[in-house]
1. Lys and Arg at +1, Asp and Glu at -1: add these up for the other residues within a Cβ distance under 10 Å of VAL185 and post the number.
2. Sort 151-157, 113-119 by packing, meaning the average of other beta carbons within 10 Å per residue, with the highest value first.
3. Using the Karplus curve 6.51 cos²θ - 1.76 cosθ + 1.60 with θ = phi - 60°, work out ³J(HN,Hα) for each residue of region 11-24 in order, rounded to whole Hz, and write x for Gly and Pro.
4. Can you give me the orientation-averaged projected area of the convex hull built on the Cα atoms of the chain, in nm²?
5. Could you give me the ³J(HN,Hα) list for region 191-207, computed from phi with Karplus coefficients 6.51, -1.76, 1.60 and θ = phi - 60°, whole Hz, x at Gly and Pro?
6. Pull up the DSSP beta bridges for the chain and report the antiparallel fraction as a percent, rounded to 5.
7. Around PHE64, which amide H atoms from residues at least 5 apart in sequence, or from another chain, sit under 5 Å from its own amide H, with H modelled in the peptide plane?
8. Can you list residues whose amide H is under 5 Å from GLU25's amide H, if they're 5+ apart or on another chain and H is modeled 1.01 Å from N?
Amino acid sequence: MLIRSFPAGAFGTNCYAVAPGPRQECVVVDPGMDAVEPLARLLAADGLKPVAVVLTHGHLDHTFSVLPVCDGYDIPAYLHPRDAGMLADPARWHGPQLAPLITGVALPDPAEVLPLEDGAVLSLAGVELTVRHAPGHTQGSVVFSLDLGDAPGLLAGDVLFAGSVGRVDLPGGSWEDMLRSLRDVVLPLDDETVVLPGHGPATTVGRERATNPYLAQAGAAAPRGRGL
């Protein structure tokens, strides 16, 4: 499996291209701010042809370039329905501190936005991505499991970082939902799972299980149905 990435824009959002190998079709993950030109260079370097964009959630720093990327390559985007509307009205979902900076910014949806469903397996460009709904950072946050060849992988978006987790203080965020997602989606994964986060360096589930205080808190949370 070929994984290429670069940090996009002022927020350093990791944009990924995932392909079976060089000179093949690929999937683009989270083309954020100012991502169009660096993505084009990255794709050209390995001769990759994108067939779809998949979005881990709807925040501006992960979606800013989705329209020009989708229109430029004539490909669809995938987004969980609970984050539908975030592309067109980003100021509403970024809280009072960021909203004044992006008031009036409108990001029209690409021509084709397809829904992501929990448990679905997307077969795109020779890559199989298993979708898991993992709300908390946003209502429609998802992670994607995939086989990296020598280890399982997790495209984690802003659910899990090295040493931390995504913020939950923006509109649509929920700490209770985040704990459930960490407990029910992340903690059951094998320790060898390579975590490819939305920001910062890669890590593994085993490393985070041993050192991440938020995963420890999630592991101590009450079982499903008994509340948190």
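1. Details: positive: ARG132, ARG180, ARG183; negative: ASP118, ASP184.
Overall, the nearby charge balance is +1.
2. Numbers: 151-157: 23.7, 113-119: 14.0.
My ranking of the peptides, most packed first, is 151-157, 113-119.
3. Taking θ as phi minus 60°, the curve returns 8, x, 6, 6, 9, 10, 10, 10, 8, x, x, x, 6, 10 Hz for region 11-24.
4. Values: hull surface 46.2 nm².
One quarter of the hull surface, i.e. the mean projection, equals 11.5 nm².
5. 4, 6, 4, 7, 8, 10, x, x, 8, x, x, 5, 8, 10, 4, x, 5
6. Numbers: 27 of 41 bridges.
Rounded to the nearest five, the antiparallel share is 65 percent.
7. MET33
8. Hits under the 5 Å cutoff: LYS49.
The values are calculated or read from the model by the stated rules, or taken from the named source; none is laboratory data. What you are looking at is a predicted structure, and each value in this text was computed from that prediction instead of being measured. We place every Cβ from the backbone using ideal geometry, glycine too, and count neighbours over all the protein chains shown. These area figures cover heavy atoms from the full protein model, side chains too; ligands, DNA and RNA do not enter into them. Shrake-Rupley method; radii C 1.70, N 1.55, O 1.52, S 1.80 Å.
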